[in-house]
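**Student:** Please find one structure pasted underneath; my questions will follow.
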Ligand code: MN
């Protein structure tokens, strides 16, 4: 009999590890001079899935030898469930000690998927209200459609990068005192988000129900939607953010599966009004995930994914409403996760009231992000005796190339 709560890899049994046996998040890694391949994080090690499949220990149709997870994800839910069950068996106490693993410290982590497309939403009512009040005043803060449908914009897949990648401060056009100016961004911000990874293709013209959309999501990453607020404020009306959001989006290297998050399923924010039938959910669509961010190592904001108003399944269902096809590897940002109080906000725009109320960071003053600053996101779901963690999601800002 194997014990499915504990692993023969001792570091996976530490109650503080992000990667216990119950997690098993997927990523892509390489070791010195070797090729990229798929792996699973367990404690302080990575299971080499390509080598494990080659040795006949599991079956994923050869997809783990690829340098991205898209082909594995495209195999579908039965394969996800089968491989997860098999990995649990192999890694549990009494499992297979010949399973090929590498030390995480010896590995380089890469972007886990080829990001097919990137759509970013706006699903925290606190955040939408706070930002709306700063840009348009409190009377026009929340647009009339906001509580009825997920609001989003089509972002850039080309600038999605993995944790640890430096981000260059963007140049752009902003409103100046004497007309428009072209300048290095002066109000560079973060956005604390999760990203849902779509795990199924949908044909053009086909609409997903919320229930089907739920089943089409493979897993979640942490996502920092870097935002140039001065560029955004000048450009965003009437068609939404454009260059202010194209400078870079950082995601965590590990995809935490829906299967691992299932025990933490919970309700989101209370509804202000009934939703139209195509957006109604039959069961709670959120997860109890603690999320937060730090600036140069100092903890800044902390909240929970359960404050959100629209779930990723509702966002995905809404995305297909027009008949828009979705693809494996589509990335859907949840929107900035902000709770009601200042210390629960997921962006400096809200925390400093658009720079009017500076915050202290390690004894220095900040309104927005300065060159050389490092922003790190964190996230974990806490269970009794273990936690399902997301690993690192950080980036450092380099000076603009004016
Ligand atoms: Mn965003």
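**Student:** Looking at (1) away from the ligand (no atom under 12 Å from the Cβ); (2) surrounded by 14 or more Cβ atoms within 10 Å (Cβ to Cβ), which one does residue 190 not meet, given that it meets all the others?
**Tutor:** (1)
**Student:** A follow-up question, please. Restricting attention to the range 165-182, which residues are within 16 Å of the ligand (Cβ to nearest atom) and assigned to a strand (DSSP E or B)?
**Tutor:** Of everything in the range 165-182, just one residue is within 16 Å of the ligand (Cβ to nearest atom) and assigned to a strand (DSSP E or B), namely 167.
**Student:** Do we have residue 131 as assigned by TED's automatic domain parsing to the domain that holds residue 329 and surrounded by 21 or more Cβ atoms within 10 Å (Cβ to Cβ) here?
**Tutor:** Details: assigned by TED's automatic domain parsing to the domain that holds residue 329: yes; surrounded by 21 or more Cβ atoms within 10 Å (Cβ to Cβ): yes.
Taking the combined requirement at face value, the residue satisfies it.
**Student:** Sticking with this one: Can you spot a residue in the range 315-336 that is within 23 Å of residue 186 (Cα to Cα) and in contact (Cβ under 8 Å) with a residue 24 or more places away in the chain?
**Tutor:** Yes, the range 315-336 has at least one match.
**Student:** Give me a count of the residues in the range 193-220 that are in contact with a helix residue (DSSP H, G or I) (Cβ under 9 Å, 6 or more places away or on another chain) and within 16 Å of the ligand (Cβ to nearest atom).
**Tutor:** 4
**Student:** Restricting to the range 183-225, give me the number of residues that are in a strand (DSSP E or B) and either under 21 Å from the mean Cα position of the chain (by Cα) or modelled with pLDDT under 95 (or both).
**Tutor:** Counting residues in the range 183-225 that are in a strand (DSSP E or B) and either under 21 Å from the mean Cα position of the chain (by Cα) or modelled with pLDDT under 95 (or both) gives 18.
**Student:** Pick out the one residue from 272, 288 that is assigned by TED's automatic domain parsing to the domain that holds residue 365 and out of contact with any strand residue (DSSP E or B) (no Cβ under 7 Å at 6 or more places or on another chain).
**Tutor:** On the way: 288 fails: out of contact with any strand residue (DSSP E or B) (no Cβ under 7 Å at 6 or more places or on another chain).
Exactly one residue qualifies, and that residue is 272.
**Student:** Would you confirm whether any residue within the range 250-264 is over 15 Å from the mean Cα position of the chain (by Cα) and at pLDDT below 95?
**Tutor:** No, that holds for no residue.
**Student:** Could you please find all residues in the range 78-88 being loosely packed, with under 15 Cβ neighbours inside 10 Å and touching a residue at least 24 places away in the same chain (Cβ under 8 Å)?
**Tutor:** Start the filter on the range 78-88 by keeping residues that are loosely packed, with under 15 Cβ neighbours inside 10 Å, which leaves 78, 81-82, 85.
Answer for the range 78-88, where residues must be loosely packed, with under 15 Cβ neighbours inside 10 Å and touching a residue at least 24 places away in the same chain (Cβ under 8 Å): just 81.
**Student:** Are there any pairs, at least 6 apart or on different chains, whose C-beta atoms fall under 7 Å, with the first in the range 214-230 and under 14 Å from residue 243 (Cβ atoms) and the second assigned to a strand (DSSP E or B) and more than 16 Å from the ligand (Cβ to nearest atom), and if so, which?
**Tutor:** Every condition considered, the pairs that remain are 228/172; 230/174.
**Student:** Considering only residues of the range 345-363 that are more than 21 Å from residue 250 (Cβ to Cβ) and touching a residue at least 60 places away in the same chain (Cβ under 8 Å), which is farthest from the ligand (Cβ to nearest atom)?
**Tutor:** Restricting to residues being more than 21 Å from residue 250 (Cβ to Cβ) and touching a residue at least 60 places away in the same chain (Cβ under 8 Å), the top hit is 362.
**Student:** Here's a follow-up. Filter the strands (runs of 3 or more DSSP E) completely within the range 237-344 down to those with at least 2 residues that are closer than 23 Å to residue 383 by Cβ and within 16 Å of the ligand (Cβ to nearest atom).
**Tutor:** Once the strands (runs of 3 or more DSSP E) in the range 237-344 are filtered for at least 2 residues that are closer than 23 Å to residue 383 by Cβ and within 16 Å of the ligand (Cβ to nearest atom), what remains is 290-295.
The values are calculated or read from the model by the stated rules, or taken from the named source; none is laboratory data. On a predicted model such as this, the values are computed, not experimentally measured, just so you know. Counting neighbours? That spans all protein chains shown, and the Cβs are built from the backbone with ideal geometry, glycine included.
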